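Notes to accompany the following structure.
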Amino acid sequence: MRIYLDNNATTRMDPDVVEKLASTAGELYGNPSSVHLEGRLARRALEEARDEVAELLDAESKDIVFTSGGTESNNAALRGVFLRESECFHLVTTTIEHPSIANVVKSLESAGCRVTRVAPGRNGAVAADDVIAAIELDTKLVTVMVANNETGVLQPVREIARACRDRGIHMHSDVVQAVGKIPLSVRDLGIDSLAISGHKFHGPKGAGVFWARPGVGLEPFILGGTQERRRRAGTEPVFLAAAIGVAARLAASAVDRAGEIGALRDAMERRILAEIDGTRVNGWQADRLPNTTSLTVDGCEGESMVIALDLEGIAVSSGSACHSGRVEASSVLLQMGVSEEAARSTIRISLSRETTEDEIGGFVSVLGRVIARMRAKSPVAR
Ligand SMILES: Cc1ncc(COP(=O)(O)O)c(C=O)c1O
């Protein structure tokens, strides 16, 4: 039996989601824009899903837009502000955003926008004051994620959004990693737009949601038909939306049990730190998602640990990226002030509501063995 602990990369679809996907794809083939019965049935399924997502986010159904995923939703926000403004402007972001934000910011910079990137502290969180202090007279956009995908560290989005609100600045947040793990409310966060992704909360891949506060006037960046109230052109994938609706309903109730995942994760961390010397948790000082652990293991390369664990039937990930045969350290960890060697010796363990105590017990035992073996092979590395 495999043990899957890479839920920040993607999750297994919930069986209820798979069932909905199959039944909707097979039966509801009408175009939701058509007036005949087939069209009306498809429309009804789409609108039911919209209601379920709205409930999850404490938003109005009419403001929910279905997209192809987190990446598109982040693009919709940032490009939407860019297309709305008639001249280039200043924007504030952090140095730890997902590439679906960071690379769009880079492209806006190439197009003439000025950018201030705020780095996190040693604990992995940016300081709200640093972000607010970076605001300039012509700042039109601030984008800060709710939770980092590698460390799980929560960012002070609510405070930043309040400051943006006072100054009439659009505040976007990439909320992709937070769904089903912490309570989410667009009213409470006070943001102007957000992005979520179905496959991060036991829903389908290639399906996401974009929410924007009414009246913010974002221009759509995908042009075509009048679907989704002209905010996202293209015939709606009814089966994916219906599946995301079910996933959203399940995620909303999973938040109530997130404490159990947190307790399991905390117990895992305590055991690892007590039983395996030369291990550290990155971001432990900060508030974190209950499911995520970024673990540095002295003397063991992250990628090698991932491969060794995989051979033992366990899936985790390393934040490192392999470029031209060379393993590059995670920039998120480097930004936190973690040394390059430590960043390259890090794995990410991410639990889900499906993770059991037995799985965690098994994982920690295997991890201990794998680390001992790797260290024995290259004792100089320690
Ligand atoms: C924080 C964050 N934002 C955005 C995305 C992109 O989502 P998608 O895979 O749906 O495009 C991811 C996925 O890895 C993510 O972790």
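The values are calculated or read from the model by the stated rules, or taken from the named source; none is laboratory data. Given the structure is predicted, the values throughout are model-derived calculations rather than measurements. All Cβ positions, glycine included, derive from the backbone under ideal geometry; neighbour counts span all protein chains shown. To get the accessible areas, we keep the full protein, side chains included, count just its heavy atoms, and leave off ligands, DNA and RNA. Shrake-Rupley method; radii C 1.70, N 1.55, O 1.52, S 1.80 Å.
Distance between the modelled labels on S86 and D138, one decimal in nanometres: 1.5 nm (7 Å Cα→Cβ projection). What a 1.4 Å probe finds exposed on region 246-321 is 51% carbon and sulfur by accessible area, rounded to a whole percent.
Ligands, DNA and RNA left out, the 1.4 Å accessible surface of region 81-139 is 51% carbon and sulfur atoms.
Count the lysine pairs in the chain that are 8 or more places apart or on different chains: how many have C-alpha atoms under 21 angstrom apart?
Values: K20/K200; K20/K205; K106/K140; K181/K200; K181/K205.
Close lysine pairs found across the chain: 5.
In degrees from 0 to 90, rounded to the nearest 10, what is the angle of the helix 357-377 Cα long axis to the longest principal axis of the chain? So the inclination is approximately 50 degrees. Rounded to the nearest 20 debye, the dipole size of the chain about its Cα centre is 340 debye, using +1 on the Cβ of Lys and Arg and -1 on the Cβ of Asp and Glu. Here, region 103-151 yields an orientationally averaged convex hull projection of 4.1 nm² when only Cα atoms define the hull. Extents of region 231-319, taken as max minus min of Cα coordinates on every principal axis and listed largest first, are 54, 29, 26 Å.
Rounded, prolate or oblate: which fits region 234-382 when a ≥ b ≥ c are the square roots of the eigenvalues of the alpha-carbon gyration tensor, with rounded for a/c under 1.5 and prolate only if a/b beats b/c? Prolate, since a/c reaches 1.5 and a/b exceeds b/c.
Going by a ≥ b ≥ c, the root eigenvalues of the Cα gyration tensor, does region 172-220 fall in the rounded group (a/c under 1.5), the prolate group (a/b larger than b/c) or the oblate group?
Taking the square roots of the gyration eigenvalues as a ≥ b ≥ c, region 172-220 is oblate.
Per Stokes-Einstein, at 37 °C and 0.692 mPa s, what whole-number D in µm² s⁻¹ belongs to the chain, with the Kirkwood radius over Cα pairs as the hydrodynamic radius? Answer from the Stokes-Einstein relation: 151 µm²/s. As a rough guide to protection, the peptides 367-374, 293-300 ranked by mean Cβ packing within 10 Å, highest first, stand as 293-300, 367-374.
Axis angle, to the nearest 10 degrees, between helix 157-167 and the longest C-alpha principal axis of the chain: 40 degrees. Against the main long axis of the alpha-carbon atoms of the chain, helix 99-110 sits at an angle near 70°. Calculated over region 14-114, the projected area of the Cα convex hull averaged across directions stands at 9.2 nm². When both region 293-362 and region 1-71 are represented by their alpha-carbon centers, they are found 32 Å apart.
Taking the average, over residues, of other Cβ atoms within 10 Å as the packing measure, peptides 166-176, 342-352 rank 342-352, 166-176 from highest down.
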